[in-house]
Amino acid sequence: MNKDFQNELNTKLAEFNIKYYQYSFFDRNLVFPPDIISTYPQKWLNIYQNKKLYNTDPIVNYARITVKPFSWHYLMQSLDTEDNLFFKLAKKYGIHDGYTFAVHDGSGNLALLNIMCDDDTQITIEFLESKRAELLILLVDLFDLYLSQKKQSEYYRNKIHLLLSSKEKQVLKLGCDGLKYKDIAVLLGIAERTVKFHMSRINRKLDVSNAKKAFLLAKDLGIF
């Protein structure tokens, strides 16, 4: 997920003194795992992602059929035994009561903002209910920002995959790995000036002014 987006999310939630949250974006195609930004305990996040719990998460499942913010306590009252096991497992890692805000679009994309209650910072269910309108508007704004950045990312991904030659992709990847031109030349069996020539073409195709920006762009997109 784009670092600018993550910084914006952290800044906006800090205004509410919110420390523990999870933002998830589910692509309409459901082919790839959701993009997740979270300040939940890392051990829980590892389990959640490695075991793909987002596929059976009762919060996610309920958010798919509603646009109304809801508390987890309210949700747990209507869950069967299997779904309640999810919350029992989460509670072992410090994830207890909280609140969820959801936003959908006409294409079937879904974004969730889960906020965990925190007695130390007085983030309670009552506080979150009092801020429902503000937090829901914030989520809508973030959703719009995320989609615009996602479209930009896809644009550059397509450029890299469609416009760059196989040799240019090799040069770009090795540059992203931190290799200098002379080292790239040795590995690819070409002259250093040829590496520079490939790099100048890469910069032009990606609409960036120098190699450093090309490497940063490719890393930010998670291509290599």
task = Tell me, yes or no, whether the range 109-118 has at least one residue that is at pLDDT below 90 and in contact with a strand residue (DSSP E or B) (Cβ under 8 Å, 6 or more places away or on another chain).
result = yes
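The rows are residues; the columns are (1) part of a loop (DSSP other than H, G, I, E, B); (2) touching a helix residue (DSSP H, G or I) at 6+ places or on another chain (Cβ under 6 Å); (3) farther than 18 Å from L128 by Cα; (4) at pLDDT below 90.
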site: V31; (1), (2), (3), (4): yes, no, yes, yes
site: I37; (1), (2), (3), (4): no, yes, yes, no
site: I59; (1), (2), (3), (4): no, no, no, no
site: K68; (1), (2), (3), (4): yes, no, no, no
site: S78; (1), (2), (3), (4): yes, no, yes, yes
site: N84; (1), (2), (3), (4): no, no, yes, yes
site: L89; (1), (2), (3), (4): no, no, yes, no
site: T100; (1), (2), (3), (4): no, yes, no, no
remark   = How many residues of the range 13-44 are in contact with a strand residue (DSSP E or B) (Cβ under 8 Å, 6 or more places away or on another chain), within 25 Å of D80 (Cβ to Cβ) and of a type outside the set (S, T, N, Q)? The answer is 3
message = Show me the helices (runs of 4 or more DSSP H) entirely contained within the range 133-219 in which 2 or more residues are more than 30 Å from Y21 (Cβ to Cβ) and touching a Phe, Trp or Tyr at 6+ places or on another chain (Cβ under 6 Å).
response = 166-176, 192-205
inquiry  = What's the number of the only condition in (1) open to solvent by less than 20 Å² (accessible area, probe 1.4 Å); (2) touching a helix residue (DSSP H, G or I) at 6+ places or on another chain (Cβ under 7 Å) that L139 fails to meet?
reply    = (2)
task = Check off (1) among the polar types (S, T, N, Q); (2) open to solvent by less than 50 Å² (accessible area, probe 1.4 Å); (3) within 23 Å of the chain's Cα centre (by Cα) for N158 and give me the number that stays unchecked.
result = (2)
ask   = Across the range 78-115, what is the number of residues that are in contact with a Pro (Cβ under 8 Å, 6 or more places away or on another chain), within 19 Å of T66 (Cα to Cα) and open to solvent by 10 Å² or more (accessible area, probe 1.4 Å)?
value = 2
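The values are calculated or read from the model by the stated rules, or taken from the named source; none is laboratory data. No experiment lies behind these values; they were computed from the predicted model shown. Neighbour counts run over all protein chains shown; Cβ positions are idealised from the backbone, glycine included. We work out accessible area using only protein heavy atoms, side chains counted, and drop any ligands, DNA or RNA first. Shrake-Rupley method; radii C 1.70, N 1.55, O 1.52, S 1.80 Å.
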